[in-house]
Amino acid sequence: MSSSDRSPAVDLTRTYEVRTYGCQMNVHDSERLSGLLEDAGYVRAPDGSDGDADVVVFNTCAVRENADNRLYGNLGRLAPMKTKRPGMQIAVGGCLAQKDRDTIVKKAPWVDVVFGTHNIGKLPVLLERARVQEEAQVEIAESLEAFPSTLPTRRESAYAAWVSISVGCNNTCTFCIVPALRGKEKDRRTGDILAEIEALVGEGVSEITLLGQNVNAYGSDIGDREAFSKLLRACGKIEGLERVRFTSPHPRDFTDDVIAAMAETPNVMPQLHMPMQSGSDTVLKAMRRSYRQERYLGIIDKVRAAIPHAAITTDIIVGFPGETEEDFDQTLHAVREARFAQAFTFQYSKRPGTPAATMEGQIPKEVVQARYERLVALQEEISWDENKKQVGRTLELMVAEGEGRKDGATHRLSGRAADNRLVHFTKPDTEVRPGDVVTVEITYAAPHHLLAEGAVLDVRRTRAGDAWDKRNAAEAVKPAGVMLGLPKIGAPEPLPVATGSGCGCD
């Protein structure tokens, strides 16, 4: 063959962008997707590329009513970009992909790959297959093919990490579609979880968040009702692990042994996010929630008795079908009694495929909006009052990255207290890195944050800060591109050490 017959060399360097919607489980899945793509030779597109990447992946959520419109709107905006860029690929995964399947390609025929919640490890293979065959690849698994812990990951933080302890959910809440999309609960082996945490700590991570759709039901799959409290206590024995959090627990499974483990394990943080959803027993029954207001408030009382400074947050749905004014008043009463540090409030969103979608007594939009505004106003007042109690306290903060949008203009940094409150503090003369720990005195409170306007009292440089330095140095010297090799067929090989409400519906 003469040189003129040969095809010219082609630069196969390809960039990717992952857009994430929904719960912490999706955020963690996106770290896996990024790891898979980088393992296959793709290079992350610069921040703010806004679709100007060779591969754009949407990791979707199906919990909210506008999820569909949001996805198709974003896909529509990418269609002309793809027309102008031969070789560009678009992939859609996550809960909405699991639910809609072939519908996505019918509505947006320019999509190249559709994959579900159970087979995220197939993304690189599906992208390559779509490129070679020049047609869309739709592959949805009905059950988990491999626990996400076996997949490579690109963590968003050098100092904090998510660790999945289970996937799926055994609850049957009438408003929630997640169990149908994520499947029945499947627990990881405790030894695998602890091995992953130890490996993360070895990399410099000092804070981990245990993840599960119903995190404190951990053990139901292996027949041990105290497995979650045992796991918390085991985390307390890992040297170098400074902070342990978990999300999201269900009140049904919140037992006294978990409260004791939280109180008695020093690195388990004094923070609890526990969805209430409604304060009305009638509505809770219609939601098929297995507790009532008295049980929920009783758990909070026990937590506060054992951990006096605990910050408790929650999720609340307003306007569930059949909710009367009296029912809503019961929610307001529960909020006043609970004194939540924060509440994530949602207007009921009808999701096709859930029992609640066809229930009688759907509430008019204007009524739901009015109730929502009343609830938000009440919670804002309580949040502010609870934050004012922090003024004058001396707190240890883990310095955070990207938490304070105005930090540059105000010459401040931001961090999270042990109870997860956001604190903006005066930038010290000493270098402080994300992952380091500072001690400050709180001088001012707002409903959603605290200020420490005086001088920082102490700075403790940490291995987590060193890890942040190391990552930044590696990013600075990373080559502009990597030649794209063919992805391996089948599930990725296990890593040397196994590695890893979530949806607001727990």
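How would you order 166-174, 322-330, 108-116 from highest to lowest mean count of nearby Cβ atoms within 10 Å?
Final packing ranking: 108-116, 166-174, 322-330.
Could you sort out which of 99/184; 82/107; 82/350 sit more than 21 Å apart by Cα distance in this structure?
82/350
Rounded to the nearest angstrom and ordered from largest down, what semi-axes does the equivalent ellipsoid of region 9-144 get from its C-alpha gyration tensor (root of 5λ)?
After diagonalising the Cα gyration tensor, the semi-axes are 21, 16, 15 Å.
Non-local amide H neighbours of residue 174 (under 5 Å, H modeled in plane, Pro and chain starts lacking H): which ones?
Amide H neighbours of residue 174, under 5 Å, 5+ apart: 288.
In Å, what is the Rg of the alpha-carbon atoms in region 183-260, and how long is Dmax?
When restricted to Cα atoms, region 183-260 yields Rg and Dmax of 12.4, 36 Å.
When the convex hull of the C-alpha atoms of region 24-97 is computed, what volume per residue in Å³ does it have?
98
Looking at region 237-384, I'd like the Rg to Rh ratio, where Rg is from alpha-carbon atoms and Rh is Kirkwood's inverse mean 1/r.
My calculation of the ratio gives 1.01.
If you take the Cα Rg of region 10-49 and divide it by 2.2 N^0.38 Å, with N the number of residues, what do you get?
1.28
³J(HN,Hα) across region 111-125 via Karplus (A = 6.51, B = -1.76, C = 1.60, θ = phi - 60°), whole Hz, x for Gly/Pro?
So the J values, rounded to whole Hz, are 6, 8, 9, 10, 9, x, 7, 9, 9, 5, x, 8, 3, x, 5.
If a paramagnetic tag sat 7 Å from the Cα of residue 107 along the Cα-Cβ line, which residues of region 49-90 would have the backbone N under 14 Å from that point?
The answer is 60-77, whose backbone nitrogens lie closer than 14 Å to the label point.
Just tell me which aspartates and glutamates come within less than 15 Å, Cα to Cα, of residue 106; anything on the same chain fewer than 8 places away is out.
Of all the aspartates and glutamates, those that pass the test against residue 106 - Cα under 15 Å, at least 8 places apart if same chain - are 68, 135, 139.
Translational diffusion coefficient of region 267-332 at 25 °C, 0.890 mPa s, Stokes-Einstein with Kirkwood Rh over Cα pairs, in µm²/s as a whole number.
193
Under 18 Å from the Cα of residue 302, which aspartates and glutamates turn up, not counting those fewer than eight places away in the same chain?
Partners found: 226, 253, 256, 257, 264, 294, 337, 419.
Testing the spin-label approximation: label points 7 Å from Cα along Cα→Cβ at residue 367 and residue 52. State their distance in nm.
Here the answer is 5.0 nm between the modelled labels.
Convert each backbone phi in region 39-48 into a coupling constant with the Karplus relation 6.51 cos²θ - 1.76 cosθ + 1.60 (shift: θ = phi - 60°), then list the ³J(HN,Hα) values in order as whole Hz, x for Gly and Pro.
With coefficients 6.51, -1.76 and 1.60, one gets 5, 8, x, 6, 10, 5, 5, x, 4, x Hz.
Over region 121-260, what lengths in whole Å, largest first, do the semi-axes of the equivalent ellipsoid take, defined as the square roots of 5 times the eigenvalues of the alpha-carbon gyration tensor?
Equivalent ellipsoid semi-axes, largest first: 30, 22, 12 Å.
Which aspartates and glutamates does residue 406 reach when only Cα atoms under 15 Å apart count, and residues fewer than 8 places away in its own chain are ignored?
Hits, sequence-local ones excluded: 453.
At 7 Å along the Cα-to-beta-carbon direction for both residue 358 and residue 135, put a label point, then send me their distance in nm to one decimal.
Taking the two extended label points, one gets 3.5 nm.
Rounded to a whole number, what is D in µm²/s for region 338-411 from Stokes-Einstein with the Kirkwood radius over alpha-carbon pairs (37 °C, 0.692 mPa s)?
Diffusion coefficient, whole number: 201 µm²/s.
Name the long-range amide H neighbours of residue 89: under 5 Å, sequence gap of 5 or more, or other chain; modelled H, no Pro or chain starts.
55, 56
Compute the whole-percent fraction of alpha carbon pairs in the chain spaced more than 28 Å apart.
That tail contains 58 percent of the Cα-Cα pairs.
Non-local amide H neighbours of residue 117 (under 5 Å, H modeled in plane, Pro and chain starts lacking H): which ones?
Those lying under 5 Å, H to H, from residue 117 are 94, 98.
Read-outs throughout are calculated quantities, based only on the coordinates presented, and are distinct from any laboratory measurement. All figures in this text were calculated on a predicted structure; none of them were measured in a lab. Virtual Cβ from ideal backbone geometry, glycine too; neighbours counted across all protein chains shown.
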